[in-house]
Amino acid sequence: MKNKTLGSALIVAGTTIGAGMLAMPLTSAEMGFSYTMLLLFILWLLLSYSALLFVEVYQKAERKDAGIATLAEQHFGMAGRVLATLSLVIFMYAILTVYALGGGNLLAPFLEFVGANAETVSITVFIVFFAIAVTIGTQAVDAFTRVLFIIKLVAFFFVLYMMLPLATVENLGAMPLKYLVIISASPVFFTSFGFHVVIPSINNYLDGDIRRLRIAIIGGTAIPLIAYILWQMATHGVFSQLQFVEIISKDPTLNGLIEATLQATGSSFISESVRIFSSLALITSYLGVALALVDCLDDLLKRVNIKANRISLSLLTFVPVLIFALFYRDFLGVLSYAGQMFTFYGLVLPVGMAWMLRKKYSDLEYRVLGGNVALVLALVLGILIMCVPFLIQSGLLPSVIS
């Protein structure tokens with residue numbers, strides 16, 4: 001427990017590996033393995049870059065426990081705080097809703113004895129049970145994440161051990177059915193590296209140590225990238241493209257992924273192993289993002305001089321998530337919307353703050369490589385990704401699910 005840098009890196013990795021990873025096969029079935037790898041590397045570079053921009057900005061933060069909204073206000077005034085707060089809060093509520101829907105979807109088959117309300121009960125149980133650890137605090141999440149992360153890694157390698165030998169060159173070499181899906185899937189894939197919401201929490205946890213924060217971010221993102229590559233090899237290699245597209249068109253949920261695994265491998269043992277891994281991935285992400293939302297709300301309330309204890313903050317965090325999850329069940333729809341919100345918060349906002357910071361200070365100890373050219377390129381890509389849902393709705397881009 002003394003190595004906070006390791007714990008922070010695992011929080012980053014645990015938060016990253018979640019619903020976005022699980023949704024990858026669902027949204028990339030028509031893309032093919034080669035295009036999926038291309039999209040993965042582009043977004044990993046882009047989001048690692050934007051996370052390091054936050055590290056750069058934190059060098060001149062007014063206090064080490066400052067939230068992103070406070071940093072935005074420092075550089076853009078009240079307008080910056082309002083935009084940052086809205087995008088962040090909406091994103092985190094949306095992504096927590098995604099995790100609750102996914103967790104409830106995976107848990108529901110085990111609660112069929114309650115009848116038609118199995119999924120409602122499973123969603124409620126998922127939200128309430130893991131809210132307890134977040135209410136206790138960051139150290140509890142750190143300890144819980146370490147244990148779950150190790151179990152998740154064991155489950156993940158076990159799934160890979162069983163699935164990779166079944167992969168075929170023919171399946172991996174399948175060409176895209178729709179080439180522009182690589183753009184359409186970008187908001188969902190974007191959330192697969194969406195750990196940025198925990199940066200304020202781990203910055204405070206690491207006492208504002210910039211070097212340790214960089215190590216936690218770089219180390220924490222390397223683990224998911226490797227995991228994603230192996231995961232895509234297993235899923236794209238095992239599933240026949242046309243068969244998989246047909247299955248997920250009927251059931252675009254995590255249970256659809258498990259059903260596809262069952263049909264592709266003929267093994268209920270493998271498919272249930274995928275269920276266990278998926279559940280652990282959702283839980284670790286749920287804990288990390290929920291922790292970040294609690295800290296965000298605390299930062300917001302402090303700004304308006306309202307004192308709130310941990311229980312009050314937890315109620316403000318989890319009650320809306322429970323309401324959203326019970327009344328809106330579109331897993332991929334909510335995830336795509338969360339990706340759109342996160343693009344502003346996780347890419348456009350840090351680019352803007354870094355630009356302002358570099359104008360104000362010429363003697364920064366740490367600057368992310370690439371200069372202002374990289375900032376402009378990242379901004380353009382961010383705006384493009386934010387526009388993807390609108391381009392899909394207008395028919396200019398294909399839907400990720402036929």
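Considered as a group, the residues in region 297-313 that are free of Cβ contacts under 8 Å to residues at least 12 places away in the same chain and open to solvent by 40 Å² or more (accessible area, probe 1.4 Å) include one that is nearest to E62 (Cα to Cα), and that residue is K302. How about region 116-152: which of its residues are buried (at least 17 other Cβ atoms within 10 Å of the Cβ) and free of Cβ contacts under 8 Å to residues at least 12 places away in the same chain? Scanning region 116-152 gives a single hit, A118.
You will find that of L38, L45, the residue that is touching a helix residue (DSSP H, G or I) at 6+ places or on another chain (Cβ under 8 Å), in a helix (DSSP H, G or I) and surrounded by fewer than 19 Cβ atoms within 10 Å (Cβ to Cβ) is L38 and no other. Of everything listed in (1) more than 24 Å from I223 (Cβ to Cβ); (2) open to solvent by less than 30 Å² (accessible area, probe 1.4 Å); (3) aromatic (F, W, Y), the single unmet condition for Y93 is (2). Checked against the criteria, T317 does not count as under 22 Å from the mean Cα position of the chain (by Cα), β-branched (V, I, T) and farther than 23 Å from V141 by Cβ. Of the residues that make up region 331-351, is at least one part of a helix (DSSP H, G or I), more than 18 Å from I90 (Cβ to Cβ) and at pLDDT 90 or above? Looking through region 331-351, at least one residue is part of a helix (DSSP H, G or I), more than 18 Å from I90 (Cβ to Cβ) and at pLDDT 90 or above. Going by what's in this entry, would T15 be described as of a type in the set (S, T, Y), at pLDDT 90 or above, under 19 Å from the mean Cα position of the chain (by Cα) and closer than 23 Å to F331 by Cα? It is false that T15 is of a type in the set (S, T, Y), at pLDDT 90 or above, under 19 Å from the mean Cα position of the chain (by Cα) and closer than 23 Å to F331 by Cα. Residue-level analysis places A72 among those that are surrounded by 14 or more Cβ atoms within 10 Å (Cβ to Cβ), within 30 Å of V348 (Cβ to Cβ) and touching a residue at least 24 places away in the same chain (Cβ under 8 Å). Which of the numbered conditions does V188 fail, given that it passes all the others? Conditions: (1) open to solvent by less than 60 Å² (accessible area, probe 1.4 Å); (2) part of a helix (DSSP H, G or I); (3) more than 24 Å from I401 (Cβ to Cβ); (4) modelled with pLDDT under 85. Going through the list (1) open to solvent by less than 60 Å² (accessible area, probe 1.4 Å); (2) part of a helix (DSSP H, G or I); (3) more than 24 Å from I401 (Cβ to Cβ); (4) modelled with pLDDT under 85, V188 breaks only (3). Note on region 266-296: residues that are open to solvent by 10 Å² or more (accessible area, probe 1.4 Å), touching a Ser or Thr at 6+ places or on another chain (Cβ under 7 Å) and within 26 Å of E170 (Cα to Cα) total 1.
Within region 197-251, the set of residues being farther than 24 Å from L47 by Cα, part of a helix (DSSP H, G or I), open to solvent by 10 Å² or more (accessible area, probe 1.4 Å) and at pLDDT below 85 comprises Q241, L242, Q243, F244, V245, E246, I247, S249, K250. Filtered by the rule that a residue be under 20 Å from V348 (Cβ atoms) and part of a loop (DSSP other than H, G, I, E, B), region 158-185 gives a lone residue, A185. For region 354-371, the tally of residues that are under 24 Å from Q340 (Cα atoms) and open to solvent by 60 Å² or more (accessible area, probe 1.4 Å) stands at 1. When L396, L316, L332 are checked against the criterion of being open to solvent by 80 Å² or more (accessible area, probe 1.4 Å) and under 28 Å from E119 (Cβ atoms), a single residue qualifies: L316.
For I385, the conditions (1) at pLDDT 85 or above; (2) surrounded by fewer than 20 Cβ atoms within 10 Å (Cβ to Cβ); (3) under 28 Å from Y179 (Cβ atoms) are fulfilled apart from (2).
The values are calculated or read from the model by the stated rules, or taken from the named source; none is laboratory data. Keep in mind it's a predicted model, so treat the numbers as computed, not measured. In this analysis, Cβ positions are derived from the backbone assuming ideal geometry, glycine residues included, and neighbour counts consider all displayed protein chains. Surface accessibility is based on the protein's heavy atoms, side chains included, excluding ligands, DNA and RNA. Shrake-Rupley method; radii C 1.70, N 1.55, O 1.52, S 1.80 Å.
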